[in-house]
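Down below is the structure, laid out as structure tokens.
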Amino acid sequence: IPGVVYSTCTMNPFENEAVIAEVLRRCDGAVRLGVPRLPAPLRPMLAHGLPWWDVAGCIRAASHRDRRNAAALLKSLEPPRPADEAAREALRLCRRVLPHTLPPEARHLDGFFFARLERRDGAPMPFLPLATNPSGGIAPA
């Protein structure tokens, strides 16, 4: 199945699950999350993706510059609504490697996030336009 792995070296849900949730929303069923295939020794280090995160709390904790950017992108940062159980359950297919689960020689690392995105059979790949946000970064159009 054609696909791509999205990965970050952060535990921030704005950069992880929020991005995946927005891609799934915009692709309108053409893309799904796949189950990552990993060697058995890595499995104990993994946690499921977050089905929910606190947008307001994350914005309050962000720097002033980040708060301006986050406020402009608020809609794309929101988790799936509680009634959208399928979307919330899909996000659990994402994986987080938590720092405290790493072997001692790697505990200086911050942790990782990854998700396998797969195109559904026969589904056309949607075009996801991007726009530049006021701070100069890339933002969903």
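The values are calculated or read from the model by the stated rules, or taken from the named source; none is laboratory data. Treat the numbers as computed from the prediction; the structure is a model and nothing was measured. Using ideal geometry, Cβ is built from the backbone for each residue, glycine included, and neighbour counts are taken over all protein chains shown. These area figures cover heavy atoms from the full protein model, side chains too; ligands, DNA and RNA do not enter into them. Shrake-Rupley method; radii C 1.70, N 1.55, O 1.52, S 1.80 Å.
Data overview
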quantity	calculated
Per-residue HN-Hα couplings for segment 116-124 [Karplus 6.51, -1.76, 1.60; θ = phi - 60°; Hz; x = Gly/Pro]	9, 9, 10, 7, 5, 3, x, 7, x
Area of E105 that stays accessible when all protein chains are in place (1.4 Å probe, Å², to 10)	140
Heavy-atom accessible surface of segment 3-119: percent carbon and sulfur, 1.4 Å	59
Cβ crowding within 10 Å averaged over residues, with 8-21, 75-88 ranked highest first	8-21, 75-88
Formal net charge of residues neighbouring P36 (Cβ-Cβ distance under 9 Å; K, R +1; D, E -1)	+3
Nearest-20 debye value, segment 3-119 charge dipole, Cβ charges on Lys, Arg, Asp, Glu	100
Where the Cα pairs of segment 3-119 fall when distances are cut into 5 Å bins, in %	2, 11, 20, 22, 19, 14, 8, 3, 0
